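A.B. asks: Here it is, the structure in full.
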Amino acid sequence: MTFKKKLYIILFSGVFLAFILSFISKHYTIAFAQQECLPYKVFFIEKGKIPYRGEYVYFKGTHVPFYGEKIRLVKLLVATPYEDIIVERTKKPETRKITIKGIEKEYTVKSYVKVPYKAMELPTFEKGSTGKILPQLPEGLITLKGYFVIGTHEGSYDSRYFGAIPEGDILGKAHPIL
């Protein structure tokens, strides 16, 4: 094989590889979990897909207090727009012990968020693991205008505190890998 043919093969292979990588990066990406709020650490992301209830969602933190536009999150989608959730304040002081990053602490329960579709009752706490006072949803029946997402760890910072995320913040559907 001549040098010229080898050069053409290398150039064609490089262009082909660049085309494939460009296609993949436009439609897919990988996300790594930074916190203990989910049982998985690595996710394969399908960009532009809206997940169904019970699937993982990849979204930007634009409407998440303490976060922002550049932060990307993965959570479990448990309720969709126009579904109802119920927020009930606790009647008497209540505490729970939670272990976060290997440290067990006692947290004060402020309310419970009930997700009727999943028959879930999720506690909300007064303060987070850093000691910051956490925002609380208003008490009562709430008809969602966005997507209600949670972490599977009881101490997760999720829609129980910042409310539903708008569809415009959803970047894709997340598939757990590891």
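The values are calculated or read from the model by the stated rules, or taken from the named source; none is laboratory data. The structure displayed is predicted, hence computed values, not measured ones. Cβ atoms come from the backbone with ideal geometry, glycine included; neighbour counts cover every protein chain shown.
A.B. asks: Which pairs have Cβ atoms under 7 Å, sit 6 or more apart or on different chains, and link a residue in the range 133-161 that is under 13 Å from residue 80 (Cβ atoms) and in contact (Cβ under 8 Å) with a residue 12 or more places away in the chain to one that is exposed (fewer than 13 other Cβ atoms within 10 Å of the Cβ) and not basic (Lys, Arg)?
C.D. replies: So the pair list comes out as 143/82; 144/82.
A.B. asks: Let me ask something else about it. Does residue 36 satisfy the condition of being acidic (Asp, Glu), surrounded by 10 or more Cβ atoms within 10 Å (Cβ to Cβ), in contact with a Lys or Arg (Cβ under 7 Å, 6 or more places away or on another chain) and at pLDDT below 90?
C.D. replies: When the stated conditions are applied, residue 36 passes them.
A.B. asks: Another question, if that's okay. Considering only the range 19-33, state which residues are surrounded by fewer than 13 Cβ atoms within 10 Å (Cβ to Cβ) and either touching a Phe, Trp or Tyr at 6+ places or on another chain (Cβ under 9 Å) or not in a helix (DSSP H, G or I) (or both).
C.D. replies: 30, 32
A.B. asks: State all residues of the range 70-129 that are free of Cβ contacts under 8 Å to residues at least 60 places away in the same chain and part of a loop (DSSP other than H, G, I, E, B); if no residue qualifies, say none.
C.D. replies: 70, 71, 102, 119, 126, 128, 129
A.B. asks: On to the next question. Regarding residue 146, is this residue surrounded by fewer than 18 Cβ atoms within 10 Å (Cβ to Cβ) and within 21 Å of residue 70 (Cα to Cα)?
C.D. replies: Judged against the criteria, residue 146 is not a match.
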